[in-house]
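Novice: Below you will find the structure I want to go over with you.
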Amino acid sequence: MFTYNYFKKIFFKLSPENAHNVAEFVFKNAIRFCPFLENELAKRYFVTNKRLKQELFGRTFLNPIGMAAGFDKNATMIKMLTALGFGHIEFGTVTPQPQVGNPKPRLFRYVEQESLQNAMGFNNDGMKKIKKRLEKIYPFAVPLATNIGKNKTTSSENAIDDYEELIDCFKDVSDYFVVNISSPNTPGLRDLQNEEFIEKLFKMAKSKTDKAVLLKISPDLEIKDAIDICKVAIKNGADGIIATNTTIDYSLLPNAQNFGGISGKVLEQKSSEFFENLSKEFFGKTTLISVGGIDSADIAYKRIKMGASLVQIYSSFIFQGPKLTHNISQGVLDLMDKDGFAHISEAIGVDRKWKKYF
């Protein structure tokens with residue numbers, strides 16, 4: 001029988017970026033040529049249980065497991081990813097103009113550490129081409145989020161214009177937006193993580209769309225600065241915070257490159273601690289989504305109990321395969337049984353609620 005481990009051995013003989021391109025080709029075309037695959041895969045991988053169902057951002061999330069941005073940059077794999085069990089998909093990062101990204105090699109695989117390092121640089125087809133793909137499938141079976149970022153050639157002074165263009169473009173073909181100013185791979189992008197730009201950005205965004213707009217934040221900020229930035233975002237209309245993006249803490253990974261962002265298992269502790277600090281401040285005040293090093297039901301459930309309404313994965317999906325989405329969703333249900341929770345809403349933030357009394 002051809003298991004994921006069998007295919008992984010083949011894929012991992014390819015360079016990481018070539019392996020991803022092959023996977024994208026298969027994901028993009030398999031359902032088109034074999035339509036029956038969609039239902040067959042969904043029966044195997046998609047966990048549907050009313051105890052996991054949530055209403056957020058005006059949409060129904062059938063389970064809390066999402067695909068983080070960066071995997072499906074061009075919105076070409078949405079149908080397959082849904083069939084493989086994802087309850088929401090964040091595509092992109094999308095920029096107004098197409099761009100090729102940074103020079104290769106720009107994606108590195110660390111098998112023993114189950115981690116990745118990428119310096120992709122927002123390579124994507126550009127907003128017009130990606131919008132045309134979405135118009136063919138939207139509204140979709142699961143919530144779709146557009147992760148938006150500025151073009152590399154756009155100056156910091158003009159960055160707001162890129163985000164405005166993107167919101168105008170996608171406001172009718174996606175369910176919510178995620179503002180990406182925390183990737184380490186576009187020069188000057190992280191400099192936009194300041195209170196003045198955040199205020200201007202969210203005021204603009206909320207004047208342009210009634211869809212939810214969330215802020216994705218870097219784990220490399222000082223926690224005080226992160227809290228201050230999030231406060232400004234929420235005050236000016238942000239509907240949620242996603243923590244965290246990749247890290248440039250290269251001490252986490254033996255033989256790391258000295259550029260790009262690290263994701264995967266080695267990010268788990270850093271991301272967890274960062275999310276815990278944000279949750280102390282913002283749980284109950286906005287919707288929180290946790291991402292970074294999540295590779296099991298235990299870790300996902302821990303983040304949920306910390307205050308995450310949703311969690312996202314990426315690197316762990318590459319190392320463990322499609323069964324992971326099923327295992328996390330089913331595992332969360334089993335852990336809820338153990339704790340006596342009838343619905344996921346009872347588990348979300350239970351650690352925060354409990355700590356209020358001590």
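The values are calculated or read from the model by the stated rules, or taken from the named source; none is laboratory data. Everything numeric here is computed off the predicted structure, so don't read it as measured data. All Cβ positions, even for glycine, are placed from backbone atoms using ideal geometry, and neighbour counts span all protein chains on display. Protein only, heavy atoms only, side chains kept; ligands, DNA and RNA dropped before computing areas. Shrake-Rupley method; radii C 1.70, N 1.55, O 1.52, S 1.80 Å.
Novice: Out of the total accessible area of segment 124-215 (probe 1.4 Å, heavy atoms of protein only), what percent is carbon and sulfur?
Specialist: Using a 1.4 Å probe with all protein chains present, segment 124-215 comes out at 45 percent carbon and sulfur.
Novice: Can you tell me the accessible area per residue over the chain, all protein chains present, probe 1.4 angstrom, in square angstrom?
Specialist: I get 44 Å² per residue for the chain.
Novice: In deg cm²/dmol, rounded to 500, what helix-only [θ] at 222 nm does the chain give when every DSSP H run of at least 4 residues adds -39500 (n - 2.57) and the total is split over its residues?
Specialist: -12500 deg cm²/dmol
Novice: Explain nothing, just compute: Karplus ³J(HN,Hα) = 6.51 cos²θ - 1.76 cosθ + 1.60, θ = phi - 60°, for every residue of segment 338-343 in order, whole Hz, x for Gly and Pro.
Specialist: Couplings: 4, 8, x, 9, 7, 8 Hz.
Novice: Let me ask you something else. Any chance you could check the Cα centroid distance between segment 131-167 and segment 313-357 for me, in angstrom?
Specialist: Result: 30 Å between the Cα centres.
Novice: Let me ask you something else. Given the Cα-Cα distance of Asp334 and Asn158 and 0.36 nm per residue of separation, how much length would full extension add, in nm?
Specialist: On the way: separation 176, 0.36 × 176 = 63.36 nm, distance 4.90 nm.
Roughly 58.5 nm would be gained on extension.
Novice: With a 10 Å cut-off between alpha carbons and a GNM built on the chain, which of Gly264, Gly66, Gly58 moves the most?
Specialist: Answer for the Gaussian network model of the chain: Gly58.
Novice: In the neighborhood of Tyr163, defined by Cβ-to-Cβ distances under 11 Å, what is the net charge if each Lys or Arg adds +1 and each Asp or Glu adds -1? Intermediate values should be presented prior to the final figure.
Specialist: On the way: positive: Lys150, Lys200, Lys208; negative: Asp161, Asp162, Glu164, Glu165, Asp168.
So the environment of Tyr163 carries a net charge of -2.
Novice: Let me check something: with ligands and nucleic acids excluded, how do Asp191, Asp339 order by accessible area (1.4 Å probe), largest to smallest?
Specialist: The residues order as Asp191, Asp339, largest area first.
Novice: Using a 1.4 Å probe on the protein heavy atoms only, what accessible surface does Arg109 show? Give it in Å² to the nearest 10.
Specialist: Answer for Arg109: close to 50 Å² accessible.
Novice: Extension gain Ser15-Thr60, at 0.36 nm per residue separation less the Cα-Cα distance, in nm?
Specialist: Result: 12.5 nm gained on full extension.
Novice: Then there's this: Excluding ligands and nucleic acids, what accessible area in Å² is computed for Tyr138 using a 1.4 Å probe, to the nearest 10?
Specialist: Roll a 1.4 Å probe over it and Tyr138 shows about 50 Å².
Novice: Where the centroid of each part is defined by its Cα atoms, how far is segment 75-95 from segment 210-248 in Å?
Specialist: So the separation of the two Cα centres works out to 22 Å.
Novice: Now, a different point. Between rounded, prolate and oblate, where does segment 235-358 land on the alpha carbon gyration tensor, with a ≥ b ≥ c its root eigenvalues, rounded for a/c under 1.5, else prolate if a/b exceeds b/c?
Specialist: Judged from the Cα gyration tensor, segment 235-358 comes out oblate (a/c at least 1.5, b/c at or above a/b).
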